[in-house]
Amino acid sequence: MALSVAMVAELACFIEVICPKPGNIGPGKPFGHVNEMSLLVSAMGLAEAFRDAEAPLGRMVTRAAQASENMAGRQTRRGTILLLSPLVKASHEIRKRKGHLLAPRASDFRAAARGVLSDVKDTDASAIREVFRSAGSRDADGMDDSLSLCESMKGIMSYDSVAREYATGYEITFGITVPCLETLWNKGHALKRSIQQTALVLLSEIPDTEIARHFGEDESIGASEMAGRAVMAGGYFSAEGRRIVKALRARLEDPEKPMPPTATADLTAAGVFVFLERTLGATPLSKLLERWDYMEESIHSNI
């Protein structure tokens, strides 16, 4: 059975949550009143909104945010919603032109996402900015509502990764996340381990803007530097890399000062969605599931 775009988006959110990553919410790792089930049912709500991929982007974002909050009983996944919505519309347009069985080239996918963002009307842009504000983005001084959506994001892109993706046409997703994930997958690694390593690479190269917002840039840069040391040591694929990942996890999950890298999780979910849309055109979902976790890679899978 071919998956709809909304189903792929929902699956991407599920995968991101159940894949253990340092500091992020996952199985047995809540943050405050939000746990993995909160995020899973939230994903069900946003997927329902994504079923109407013909809707204007502003309406899609607003509906997804409302449905997600209604399902979970609290605000969750705003960053993921903002990142996925243009990608969902872009994928829908590509499927209409080429069909799902033909995996879209990354360059075509990125061009389609840019097109979706550039076509946003003023009313929809206002609705999207409101979701940014409700997500707590520091946009009061930097976002100029008189500009186009993408132009207005340039004022806050230095401290908001979602805004950076809008302003640059998804340079992180298509420049780092997807290439890294696809390279690891094509080398034969398990999907779970590939995603963990990709998230580690992301954190090493893009200091988490949510950590910076809540705890300061020094903490954000410090976490990125530690992730970078882990990557240089081999990350999840070496004993020394896993040792550093464990130390990073202890730092980010300190009970006295937990610092979840939420922006990294949002970016990871966006990359997983693009990966799935590109991969499922040629590879059955059952084959991906068979390669979810290998025994030799699962020994340290909870790091």
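None of the figures in this text is laboratory data; all of them are computed from the coordinates on show. Worth saying up front: this structure is predicted, and the values here are computed from it rather than measured. Counting neighbours? That spans all protein chains shown, and the Cβs are built from the backbone with ideal geometry, glycine included.
Structure data summary
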| quantity | calculated |
| --- | --- |
| Peptide ranges 30-41, 207-218, 57-68 listed from the most packed, as the mean C-beta count within 10 angstrom indicates | 57-68, 207-218, 30-41 |
| Relative contact order computed over segment 149-303 (Cα-Cα under 8 Å; 6+ residues apart), in percent | 26 |
| By average C-beta atoms within 10 angstrom, highest first, the peptides 73-80, 242-249, 143-150, 267-274 | 267-274, 73-80, 242-249, 143-150 |
| Residues whose placed amide H lies under 5 Å from that of G26, excluding near-sequence neighbours | E36 |
| Length released on extending from M232 to D119, taking residue separation times 0.36 nm less the Cα-Cα span | 36.6 nm |
| Above-threshold pairs, the threshold being 20 Å between Cα atoms, out of K96/K287; K89/K287; K29/K192; K96/K192 | K96/K287; K89/K287; K96/K192 |
| Ordering of 114-121, 9-16 by packing [mean C-beta count within 10 Å, highest first] | 9-16, 114-121 |
| Kyte-Doolittle mean at least -1.0, axial Cα span of 15 Å or more - DSSP H helices of the chain | 5-18, 36-50, 57-72, 78-98, 106-118, 122-134, 191-205, 217-232, 239-252, 262-279 |
| Sum of -39500 (n - 2.57) over DSSP H runs of 4+, divided by residues of the chain (222 nm, nearest 500) | -20000 deg cm²/dmol |
| Selection from A167, G222, S42, by position along the positive dipole direction of the chain (Cβ) | S42 |
| Burial ordering of Y236, Y294, Y166, Y159, fewest other beta-carbon atoms within 10 Å first | Y294, Y159, Y236, Y166 |
| Relative contact order computed over the chain (Cα-Cα under 8 Å; 6+ residues apart), in percent | 23 |
